[in-house]
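Since the structure comes first, as C-alpha cells, the remarks are kept for the end.
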Amino acid sequence: MAENLFVADNLTKEELYQTLLPQMKALTQDESNIVANLANLAAALKHGLGFFWVGFYRVKDNELVLGPFQGPVACTRIAYGKGVCGTAWKEKRVITVPDVNKFPGHIACSGESQSEIVIPIIKNNEVILVLDVDSDQIQDFDEIDEKFLGDLTSYISAKLL
Ligand code: SME
C-alpha cells in the first residue's frame, strides 16, 4: 500500500484512532521487518494523534533499550522495574500516569513530558517490547487510549512479532 495516512479534520480522539488503526495495520501487515514496522507505527501515532513522543523500547539482556521512536531524543537504556517503562515491564500491565511529576521514580527524558502511558507487548507470556507514549499536557490519557493502544499492541504481538 502507499505510505500515506489519510485523516479528516476535526475528528475526536476516538474517531482519530478508528480512522488510523486500520491504516496502521494495512501499512505494516505485508512487511516482515520489525524495525521498519515499529518505525512507521511510531510515526503514525505521533503525527496522526499529535503526541509529544511515541516510541518502543525492546527488552535486550535484561534491560530496555531504545527502539524506533518519533520525538525528541530520549533515554537509551532503562533498567528492569525503573521508571514507568521498567515498571510496566516488571508488572506486565498498562500504566497510565496522569501527572509524571507525581509518579515515584519517573524517568524524565524531557522536561516537557507531563503525562504518559506505557503498554507492555507480550508474546508467550514474556514482555518483548514496551510502547511508550508521552504528552506535553497533564492528564492526556484515558480509557480511549488504553483501548486503542491495547488493540494496536495486541496486533503487534499477534501479527508482527
Ligand atoms: N518516562 C519514561 C522514560 C522514557 S521517556 O519518557 C521517552 C519512564 O519513566 O520510564
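Some notes on this structure:
- Chain lengthening between residue 10 and residue 137 when straightened (0.36 nm per residue, less Cα-Cα): 43.8 nm
- Cα centroid of region 62-140 to Cα centroid of region 1-58, whole Å: 19 Å
- Gyration tensor over the Cα atoms of region 15-61: the corresponding equivalent ellipsoid has semi-axes (square roots of 5 times the eigenvalues, largest first) of 19, 15, 7 Å.
- Summing Cβ point charges (Lys, Arg +1; Asp, Glu -1) relative to the Cα centre of the chain gives a dipole of roughly 620 debye.
- Of 92/147; 90/147; 102/159; 25/102; 46/123; 123/147, those spanning more than 27 Å from alpha-carbon to alpha-carbon: 102/159; 25/102
- Rounded, prolate or oblate (a/c below 1.5 giving rounded, otherwise prolate when a/b exceeds b/c) for the chain by Cα gyration tensor: oblate
- Span-like helix ranges in the chain, DSSP H, alpha carbon extent 20 angstrom or more, Kyte mean at least 0.0: 34-49
Any read-out appearing in this document is the output of simple, stated calculations on the displayed coordinates, not a laboratory observation. Fair warning: this is a prediction, and the values are worked out from it, not measured in the lab. Note that we place each Cβ from the backbone using ideal geometry, even for glycine, and neighbour counts take in every protein chain shown.
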